[in-house]
Each structure stands twice: as C-alpha cells, then as structure tokens.
Amino acid sequence: MTKFSDLNLNPKVLKAIDEAGYTSPTPIQAGAIPPALEGRDVLGIAQTGTGKTASFTLPMLSLLARGRARARMPRSLVLCPTRELAAQVAENFDTYSKHLKLTKALLIGGVSFKEQDKLIDKGVDVLIATPGRLLDHFERGKLLLTGVQIMVVDEADRMLDMGFIPDIERIFSLTPFTRQTFFFSATMAPEIERITNTFLSNPERVEVARQATASETIEQGVVMFKATRRDREASEKRAILRMMIDGEGDKCTNAIVFCNRKIDVDAVAKSLKKHGYDAAPIHGDLDQSQRTRTLDGFRAGDLRLLVASDVAARGLDVPAVSHVFNFDVPSHPEDYVHRIGRTGRAGRDGKAMMICVPKDEKNMAAIEALIQKDIPRLPNPLGDTPEAAPAPEAEADTPPKPRRSRSRRKPSGAEDAGATAPETSGTQTQSAPEHAPEPAPKAEPEKAAPREERSEKPRDARNDDEQEGKSGRSRSRGGRGRSGGGGNGGGDKVVGMGDHMPSFIALSFEDRRAS
C-alpha cells in the first residue's frame, strides 16, 4: 500500500500530515501528487469526498517551501466557486503548512477590502479567492498576477455552471504562460475539455472513478409524491420531509436538506424550526458572518439540520454527515452527485433520500441515466395519494336541472304547467310578435290608423334591419299608435303583443306615450 512517505513530499509537510492522523493517500492523491511534484499540469477527476483538496494542497506546499513572496504578487493562486469552499481550502493550508513559513490570504466577498489589502501588501505565498473578488482587487490596482507560479481551479465544473467562464479566461490571461496549472473536478463537462485544451499544457489526466458516480457507501432512495392539490404541494412536501427525518430516528444525527431555490431554503428552515427541529438556513443571500456561524455550528455538532442551496453542495467537508435530504430534485444531474456526496465521506456509511413530484420526473430520469442505476423507490410517509374526488363525474351522469324562465312572473295560462312551462311560454313571447299577422286594423278600425301605420312602417323596417331582437318592440310601438289614445280602456289585451302580455307593460307603454 502506498504511503505519504513514498510520495517525495517535503519533510515538514509529512510531519503535519502525521499530526493530522493520515498515513495513506486516497487514489486521487496517489495519482495526482507525483506528477504535480514533477512540475506537470494535472487534470484530476474524482467523485466528491475523495480528498481532491489535499491532492493539490500538499504538492503546492512542497513546491513553495523555498522562496519568498513579494508585495502584491502572490506566488500561487487557488480559485474556488464559493466562499465556503474557499474558506475550507484555507483551513487545509493552515493544517498542512503549520511547520512552514508560508503566508496566505483569503479573498472572498462579504469581508472588508481594507483587511484583505493589508495582507496582499505584505506579500503572500498562497492566494485563495473567488473569481469576482479577485478581479475586484485587480481592477483597483491592489494586485498583480504576473508572479503566479502555480494556479489551481477547484471544482471546475461548478465554476462553469455558475457562469464564471469569462472570469476564468480573463484570470488565465493575467497569469504567466509558464505557470503550472491544476484542474480538479467531480465531473467532466465538454466545456471543461475546451478550457483544459486551451490553458493546460499536456496535462496528466488522473481519473480514479467513473465520471459522476456516487459512493457505494451511500444508501439512496426516493419518494415519488403527488399532491392532493396543486396549492398544497409545498406544505405536503414539508410534511413528508419531517416524517422522513422522524423515520430515521437516532440514526439521523445530523443532515443537510437541499433545496433548489433560496426562497425554499428559508421556507423549509422556518417550517422545521416551527415544528421543533433544530435547523438553520444557509444560502448566497445571507450575510457572510451569518453563513460562517451557521456552518461552524453545524460542523461542531451544535446544529442538527442544515437547510442549504447548492452553495453548500460543492466541496464542503463535514466528515460526519449521516443523512442528505433532497427536498427538490436537482435541475442538473451532476448536482445530485455533489449533494449526496456530503454524506458517506472517507469510507463512512451515509444515506441520501429525495422527494420527487410529477414535474420533476424528467430530471429524475436524467439523474438515473447519469449514475447508470435506478434509485430505489421508498414508500410515501403520507400514504397513498388520494384519488381525485369523483363528484364531477357523478354529476355528469345525472340529468341536468331544468332552467328557470327569465320572466319573474308566470304568464297567463301557465299556472298548471310543469317546470318547463315558463321556458316554453317565454319562447312564445319572443316568437309571437315576429310571426303573428298584424291584428291592428281589426281591433281598432279607426280612419286615422292607416295614416299612422304608414308613418310608422319605415321606422319598423329600419329597426328590423338593425337588430333582429328589436322587431317585436318596433311593431308593438306601431300597434300602440293604431290603438288610439284609450288610456286603460283597452283592458289587459295589448294589440300586436299577444294575449299573454302582462298588463303592467301595457301601462308603462301608455304612460310613456302620455308623457
């Protein structure tokens, strides 16, 4: 078995490794350290939790043991996608460089520029930074990258996912062409191939596991869940999450709950705390000091449940995470590998559980295709999802209820009719004025009637052309003119309107004419 003492590391680095309790390197460390010490570029691909950070930290310290940094010109540069990962790399350097007189600086957002400028002005051997903050210092004239001898891109695939490609390319252009470059990642996207072909010179490719594979020590499972109603999906998912945590009992000593969106991180953390669980959120919108306190409390065991976005999915080393719960199915299949890689680290056993709703089944299939295995289905803690209520189908088989008449009063002669009588008589009301012959000359044979009829007919014809529904009303106006000025003497019958016409309508007509 290979030991660290066989890798030609600096004796002071070996002493720090022994004090940390490590004796044998992991496969990625055994494959990457020798070519790195030879001065070659290295492209390392390994699943998360296999010790990639030490794969570049240990050879960097051995190579930088001799020499001295100049002001504002760091000798090495480590780029990380997130603040938490950058802080973790800085801790590794502190652990393994305790017997070396090397300086470092950590450039991340959320921290004062003034304190970081002081460190850079003194000169640092190792500069650990996120791309955005590094370029901020460079554009302010506080930093020069022409003295970089070793450059490391950690979690390269995450850099690409977060849109750092233009920043990475610009940073590479600011460093010397003769630099030594290390690329480390858990997955190998096509875009990384392009970057490595552009900026790495004949790299040593070290691949110790198939791309995007999960550790065999991690037990996986997924709950296929369909909400009873769309507006209840989030609350029912949170109920399932609580039941999954309770179902693990004492086995769940601590866990990370991953959500896709920051707003869901806050909602899930708030819900868990409301139900008595020890939980806290961590995502990119929180203040850096709060993120650091939360992560430190989780590592120290003071916090049981860490509800996180993907800011905590990559590279964070919390050795004893017992469970990972995916509240949401990751949008990118590679993220699933990184998320569940927070448990089962360094050969430990772990368990990863996920909740999948119907809209995420496509992403679920992509994950299974990537890891080339089916994720076992777990029973729904809420039980079988209730079927949709059959009430609408039952109502479709029953005969429709009869429609009510639009008239509020029963027409004459319809008192003994059935439920459909108002509708029938209402139909007659509309059709009778259109098709019945004009009885006006017989009812009121006055001499003035033909003259008044002749004067009204053009108006009636015009109304018929304009709107079909006004024809009955137009003829009724003509009939009213032919009936003469009888007041109420005409009785209940209204000429041209049908025998069934209510008397109050006739009264209103007469009132209008009188006015």
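Bridge orientation summary for the stretch 1-133: considering DSSP beta bridges with both residues in this region, about 10 percent are antiparallel. Karplus-based coupling profile of the stretch 319-334, in residue order and whole Hz: x, 10, 7, 7, 9, 10, 10, 8, 5, 10, 6, x, 5, 10, x, 4, with θ = phi - 60° in 6.51 cos²θ - 1.76 cosθ + 1.60 and x standing for Gly or Pro.
Reducing the stretch 137-160 and the stretch 188-256 to their Cα centroids gives an inter-centroid distance of 29 Å. By the beta-carbon count within 10 Å of each Cβ, the least crowded to most crowded order of 272, 144, fewest first, is 144, 272.
Of 12/351; 3/373; 12/122; 15/52; 270/359, which sit over 29 Å apart, Cα to Cα?
As for pairs spanning more than 29 Å Cα to Cα, those are 12/351; 3/373.
More than 18 angstrom separation, counting every C-alpha pair in the stretch 253-361; what % is that? Roughly 44 percent, once rounded to a whole number.
When only alpha carbons are used to place a centre, the stretch 14-39 and the stretch 100-114 end up 25 Å from one another. With neighbour counts taken as other beta-carbon atoms within 10 Å, the residues 307, 152, 111 rank, fewest first, as 111, 152, 307.
Listed from fewest to most Cβ neighbours within 10 Å, the set 177, 113 follows the order 177, 113. The 3J(HN,Hα) values that the Karplus relation (6.51, -1.76, 1.60; θ = phi - 60°) gives for the stretch 184-200 are, in residue order, 10, 7, 8, 10, 10, 7, x, 5, 5, 4, 5, 5, 5, 5, 7, 10, 9 Hz. Gly and Pro appear as x. For residue 307, nonlocal amide neighbours, meaning residues 5 or more places apart or on other chains whose placed amide H falls under 5 Å from its own, are 257, 280, 282.
Near residue 220, the amide H atoms lying under 5 Å from its own belong to 352; only residues 5 or more places off or on other chains count, and H is placed 1.01 Å from N. Taking amide H as placed 1.01 Å from N in the peptide plane, the amide H of residue 206 sits under 5 Å from that of 43, 44, 45, each at least 5 places away or on another chain.
None of the figures in this text is laboratory data; all of them are computed from the coordinates on show. All values derive from a computational prediction rather than experimental measurement. Backbone-built Cβ (ideal geometry, glycine too); neighbour counts: all protein chains shown.
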